[in-house]
Amino acid sequence: MAQDADDIAGVIAPPPLIGLAAILLGLAADWLFPVYVLKTLLTFDLRVAVGIAVVAGGVALALAAVRKFKQAGTNVKPWKPSLALATAGVYAKLRNPTYVALAMLVGGIAVALASDWMLVLVLPMFAVLHYGVVRREERYLEKKFGDDYRRYKESVPRYGWPP
């Protein structure tokens, strides 16, 4: 079945691929240009404990977000049409929990593996998500859902902290 090209957000790339790129580029940079900051500052046990905690938080946030998308009857994948607004549960606190969760996953993996460059790449990864995914989704959702989305956007912060 063909998909209406106007009924998608037109994201730059699937967000999981953006996260995977940050992980792989970070590991490659660690191999080519080792820094050892995380290994110096944190013991192995502490790195692993912090990394696991952050990854677990990211997984929990992502699962809560996916559950609410499914309950709302809409697509999780941002390259598919949005069928409804998800505004309950975790979406009542932040508009983009899956992208916050992705940053937590990559950051937690970076700490656990003592990957300095992967941790540094969380910021550019988040910038790519913000400009290449989130901003495009916002324009699309505003066009598709109009005032309902505008009211939601005005009342709920994008990433869980004040706009």
With every protein chain in place, the chain: carbon and sulfur % of accessible area (1.4 Å): 67
Alpha-carbon centroid distance for the pair region 15-67 / region 127-163, whole angstrom: 26
Exceeding the 32 Å Cα-Cα cut-off - candidates 39/70; 80/153; 68/143; 93/143; 39/80: 39/70; 39/80
Under 5 Å, built H, 5+ apart or other chain: amide partners of residue 84: 75
Where labels lie 7 Å past Cα in the beta-carbon direction, separation of residue 28 and residue 136 in nm: 2.1
From the coordinates shown, Cα extents along the principal axes in Å corresponds to which of [x] 73, 33, 33; [y] 45, 37, 31; [z] 51, 30, 29: [z]
Nitroxide proxy distance, nm - points 7 Å out along Cα→Cβ at residue 127 and residue 83: 3.7
Acute angle (nearest 10 degrees) that the helix 135-145 long axis makes with the longest principal axis of the chain, alpha-carbon atoms: 20
Whole-number accessible area per residue in Å² for the chain, which is evaluated in the context of all protein chains at 1.4 Å: 57
Estimated distance in nm for a label pair at residue 39 and residue 67, the labels positioned 7 Å out from Cα along Cα-to-Cβ: 4.0
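The values are calculated or read from the model by the stated rules, or taken from the named source; none is laboratory data. It should be emphasised that the depicted structure is a prediction, and the values quoted were computed from it without experimental measurement. We place every Cβ from the backbone using ideal geometry, glycine too, and count neighbours over all the protein chains shown. What goes into the accessible areas is simple: the full protein's heavy atoms, side chains included, and nothing from ligands, DNA or RNA. Shrake-Rupley method; radii C 1.70, N 1.55, O 1.52, S 1.80 Å.
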